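The structure under discussion appears below in the form of structure tokens.
Values quoted throughout were computed directly from the atomic coordinates according to the rules given, and no laboratory measurement underlies them. All of these numbers come straight from a predicted model, not from anything done at the bench. Neighbour counts run over all protein chains shown; Cβ positions are idealised from the backbone, glycine included.
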């Protein structure tokens, strides 16, 4: 084998394999399906095995369009900052809950979460007073899934919900609007 042929063979081995258009779309679809959260252009491109963020966004929009015309209960939603998430439409969550094998959070943790969402920002002391000492365990679970953020205020912490919480449950990030949405959905247990 000549030296130019050896160099070409080495270059081909070093270069990542070319990914077909169908494979790119399938990989992005798989990433959206499995993530359970919104993914940005960089994450979508990495999942697809491509370097073009623009192409990743275009593919996500194509998936969104295809799903809109072919799926009734599942949708791909675009969030600000060109982030995409595959999710169940809000009107079908009651059906899905009946068949879900393992909930993301316990009912008690969800009650604590709805309490925090409604009364945010809420101090850790006030939360424990109203929800009991088990609220600290719930807070740990809620922080793990990315639904809570906190800031120090003296010796206490103030808890509030995150953008991920709002996106996951299809709620507003604005605290006033969120409160009204929770009241309409009767998610608050007083």
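For the chain, adding -39500 (n - 2.57) for each run of n ≥ 4 DSSP H residues and dividing by the number of residues yields -17000 deg cm²/dmol at 222 nm.
Using a simple spin-label model with points 7 Å from Cα along the Cα→Cβ vector, what separation in nm is obtained for residue 95 and residue 137? Between residue 95 and residue 137, the simple spin-label model gives 3.5 nm. Going through (i) 53, 41, 36; (ii) 49, 37, 30; (iii) 79, 43, 30, the figure that equals Cα extents along the principal axes in Å as computed for the structure here is (iii).
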